[in-house]
Each structure stands twice: as C-alpha cells, then as structure tokens.
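What follows is a short report on a single structure.
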Amino acid sequence: MYYYPAYGGGASGALYIALLAAMVFSMAASWHVKSVFKKYQDDRNARGITGAQAASEILHRNGIYDVPVREIPGSSLTDYYDPKSNSISLSSDVYHGTSAVAVGVACHEAGHALQYANEYVPAKIRTAIIPVTNIGSKLAIPLILAGLLLSRSIPYLYQLVYLGIIGFALCTLFQLVTLPTEFDASRRAMENIENYGLLQEEEAEKAGKVLRAAAMTYVAALAVSLLQLLRFLAIYGGRRRR
C-alpha cells in the first residue's frame, strides 16, 4: 500500500497563477521603491541635514542615547536596525545623503529603534522568532524534497514533507509579523519628521513616498510567502491511497 500526495487540481492551478502574479507584483514593488529613491536622491533638503544626523536627532529627541548610527558600504536601501547590537546601519547614500528620501529612510530605521525602546510587541515577536524562521527557511524545501523521494521506498518518511511545510509556515509567520512592524516604523518616522521639523512639508511628502513604496515590498513578500504556503498545502498537504 503506497501513499501519494493528493493534488489540489484546479485549486492548485489557480494558486500557481496567483503566485506568479504575486511574484510580478513583488518585482514591480522592488523596482518602484528604487525608482522613487533615485528620482529624489539628489534633491537637497532645506536644512541640509543628512540621514545620519536625522536618525540621531530623532533618537536623542526621544531620550535614546545608546543607539549608534553607523555607516556601512553599499548602495541605498540596504539600511537596517539590528536589535542584537542595538545599532542603526545606514548605507553611504543614506548616511551622507541630504535628500528628503535619505532622511526618510534613516528616520524609518530610527523608528525601529524607538519600537524596541518602547517594547512594541510585534517587533519583539519578530526578533524572538528569527532563529526558528532561519532554520525553517533553510530546511523547508530540502525536507519537502527528501520526503517526496524517500517515501517512495519508506512511506512513513512522507512525514518529512509535513515538517517542511511547517518550516515554510514559520517563514510566512515571520513575514506576517514583519508587516505591522515596518508600517509602524514608517509611521513613527513621519510623525517625528513632522514634530521636530526635520523636513519641510513638500520634502516630507517625498520621504513619505519612498516609505510607502518600501512598505509595498513587504506586502508583496507576504503575499508570495502566503500563496506559496497555500500551494504546498494544496499539493502535498493531504495523502491518498493507491
């Protein structure tokens, strides 16, 4: 008695088409955020404040003095906040940049630092599950493939497929928790930009454009991950006898 995956038929095909559409959306979102940044990156803001100075000012205005703002090599949009070292790393284009979009990106990373200082729950959850999701992302596909191959000889090993799907589900959970974390960091960035007059109104709108464009990349990433998970479930989630 052998077991084979119960394919979802039409449902699986529809999910495949939706997944392709989500991938196209993801590529378009990535291109759009880079396009917006490039469009405005040479427009010097009225204060002449750099991204590094803007991030530091937001931190200090909120009573945070133990988060260093560091420069890292590379192009724009590789910036990040590291909760382990409690530091902000900005690409050279953002660190030294005096455009509104450079200030916006830097302030977004400062927004992440504010989240941890204020114990923002989604950010805490995101950090807590990173080790597990890293394991899941590395093992999900190998486990699924191993389960499919080995179960031809040892049906019980089809359980590896389920473990792989669980691993991929953890990656999807990470994307889900990331979404509110990123949106909230952008909200904090724009509020602080306005409250402390870092940018003029027209400049702030440019900063908002790049942050909204960046947010869409996280929406797209979640859509791709969720649809891929649903597709795995439709194809491999059940078994039937033959």
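Read-outs throughout are calculated quantities, based only on the coordinates presented, and are distinct from any laboratory measurement. The model shown is predicted, which means the values in this text are computed figures rather than measured ones. Please note: Cβ atoms are built from the backbone with ideal geometry, for glycine as well, and neighbour counts cover all protein chains shown.
Selection among 132, 192, 233 by position relative to the dipole of segment 3-241 gives 233 as farthest towards the positive end (Cβ unit charges, Cα centre). The charge dipole of the chain, taken about its Cα centre with unit charges on the Cβ atoms of Lys, Arg (+1), Asp and Glu (-1) only, comes to about 1520 debye. Karplus-derived 3J(HN,Hα) values for segment 51-63, using 6.51 cos²θ - 1.76 cosθ + 1.60 with θ = phi - 60°, are x, 4, 5, 5, 4, 5, 5, 4, 4, 5, 5, 9, x Hz; glycine and proline are entered as x.
The label point for residue 70 and the one for residue 202, both projected 7 Å from the Cα toward the Cβ, are 3.8 nm apart.
The residue among 95, 58, 115 whose Cα reaches farthest toward the positive pole of the charge dipole of segment 3-241, with charges on the beta-carbon of Lys, Arg, Asp and Glu, is 115. Taking every DSSP bridge with both residues inside the chain, close to 65 percent are antiparallel. Taking amide H as placed 1.01 Å from N in the peptide plane, the amide H of residue 87 sits under 5 Å from that of 82, each at least 5 places away or on another chain.
With both labels modelled 7 Å from their Cα along Cα-to-Cβ, the residue 12 to residue 138 distance reads 3.0 nm. Centre-to-centre, using Cα atoms only, segment 174-215 and segment 69-114 are separated by 13 Å.
Relative to the longest principal axis of the Cα atoms of the chain, the long axis of helix 201-236 lies at roughly 10 degrees.
Distance distribution P(r), segment 36-126, all Cα-Cα pairs, bin width 10 angstrom from 0: 19, 50, 27, 5 percent. Taking 15 Å as the straight-line reach from the Cα of residue 206, the aspartates and glutamates in range (excluding those fewer than 8 positions away in the same chain) are 42, 43, 191, 194. In degrees between 0 and 90, to the nearest 10, how far off the longest principal axis of the chain does helix 10-40 point, with axes built from Cα atoms? Approximately 20 degrees, to the nearest 10.
By the equivalent-ellipsoid construction on the alpha carbon gyration tensor, segment 3-241 comes out with semi-axes of 42, 19, 13 Å, ordered largest to smallest.
To test your reading of the geometry: what angle, between 0 and 90 degrees and rounded to tens, separates the Cα axis of helix 121-150 from the longest principal axis of the chain? Around 30 degrees separate the two axes. Amide H contacts of residue 72 (H built 1.01 Å from N, in plane; Pro and chain starts excluded): 90, 91, 92 sit under 5 Å, all sequence-distant by 5 or more or on other chains.
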